[in-house]
Structure formats: structure tokens, C-alpha cells
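Structure record follows, encoded as C-alpha cells.
The values are calculated or read from the model by the stated rules, or taken from the named source; none is laboratory data. Predicted model only: the values in this text are computed from it and were never measured. No Cβ is skipped: glycine too gets one built from the backbone with ideal geometry, and neighbour counts run over all protein chains shown.
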Amino acid sequence: MTRIPDEVALVTDSVVTTDPSIHLSQRANALIAHRAWSTKSIYYGDQREPTVDEYGDDSLLEDGSEPDGPPRWSFSFALGLDHIKTASGDWFADVAAILDFLKTVSVEQGCESLVEVRYLSKPWFSEHITYVDEKAIDQTTIRQLIERVA
């Protein structure tokens, strides 16, 4: 993932079995392009995950299928949070927009997304915030958690 300049960032991680280039990437990039974000530090990325069988072989099986099921792709968002303590607008609306996007994808794809806060100075460390799936999102609690750790 491209490194954003903020010390504190909200980072999401999701895995789907449908190639994101089939609509998902376009929708995510449209969200980023058409929303008036409270920060310039917003990023979306996706990639195909490697397939490895139980012997460490990443080749296809004789019948051409993947050794460990259908191919998987990961996608993620990163949103800089350094501005939230001094923001005059509703910075959480940015977070809510990403959570809503993830919830929609979760319903469509049957996946869940990890949401956490990460720190540039501590790349090995993260604060778990929530998982997003088809269930209701408790935005009040999520906002409080982010404010506590950011």
C-alpha cells in the first residue's frame, strides 16, 4: 500500500473472491474522487493475493484450478487522521463514508473488513477498531474508539 504522510491513519483490509477490476475499483475510486474529504490523505488499493498449496507451490493444479480455492483479491483504504483534533468540520463523515462502502461490499460479496488505526512511527503496531460485515455498524462507538487512540 502507498504510504500516506500522516502519523495516524485509519486502515481497512478486505478480501474478496471477485476481481476488484470488475466494478469494485471503479466504485472505490469514484468514492475518493467525488467526495469532499476533510483531508488529502486518502488512498485505495487492491491486489491479487498469492495462491499457495500445502507444499508451498503456487502453481495451478493439473485441471487449471487454484490449489486453495477460488482466487482472492485484497483491497484496502487508508485515511489520514492527523487532522481530527483540529478539524473544524465533521471528520467522522469521511470514516462513515468508508464504512458504508465496506458494508455494501460485504453484503454483495459475503466478506468482512478489518478496520484499525495504524501509526507511521510504529509500523508493527495497530489498534483494532472493528470488523465490518452485513450487520449494523455502531458509528458512535467507532468514533469514540478512534478519538481515544488517534
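The single condition among (1) assigned to a strand (DSSP E or B); (2) modelled with pLDDT of 95 or more that residue 31 does not meet is (1).
Residue count for segment 100-135, restricted to those that are of a type in the set (Phe, Trp, Tyr), surrounded by fewer than 17 Cβ atoms within 10 Å (Cβ to Cβ) and out of contact with any Asp or Glu (no Cβ under 9 Å at 6 or more places or on another chain): 2. Going by the structure shown, is residue 138 free of Cβ contacts under 8 Å to residues at least 60 places away in the same chain and either under 23 Å from residue 31 (Cα atoms) or not polar (S, T, N, Q) (or both)? Taking the combined requirement at face value, the residue satisfies it.
Evaluate segment 52-75: report whether one residue or more is at pLDDT 95 or above and either small (Gly, Ala, Ser) or touching a helix residue (DSSP H, G or I) at 6+ places or on another chain (Cβ under 9 Å) (or both). There is at least one residue in segment 52-75 that is at pLDDT 95 or above and either small (Gly, Ala, Ser) or touching a helix residue (DSSP H, G or I) at 6+ places or on another chain (Cβ under 9 Å) (or both).
Counting the residues of segment 26-40 that are in contact (Cβ under 8 Å) with a residue 24 or more places away in the chain, surrounded by fewer than 17 Cβ atoms within 10 Å (Cβ to Cβ) and within 16 Å of the chain's Cα centre (by Cα) gives 1. Test residue 78 against the criterion of being under 18 Å from residue 149 (Cα atoms), surrounded by 14 or more Cβ atoms within 10 Å (Cβ to Cβ) and modelled with pLDDT under 95, and give yes or no. So residue 78 does not fit the description; no. The set of residues in segment 76-115 that are more than 19 Å from residue 8 (Cβ to Cβ), outside any loop (DSSP other than H, G, I, E, B) and charged (D, E, K, R) comprises 100, 103, 108. In segment 105-134, of all residues being free of Cβ contacts under 8 Å to residues at least 12 places away in the same chain and over 17 Å from the mean Cα position of the chain (by Cα), the one that is nearest to residue 91 (Cα to Cα) corresponds to 122.
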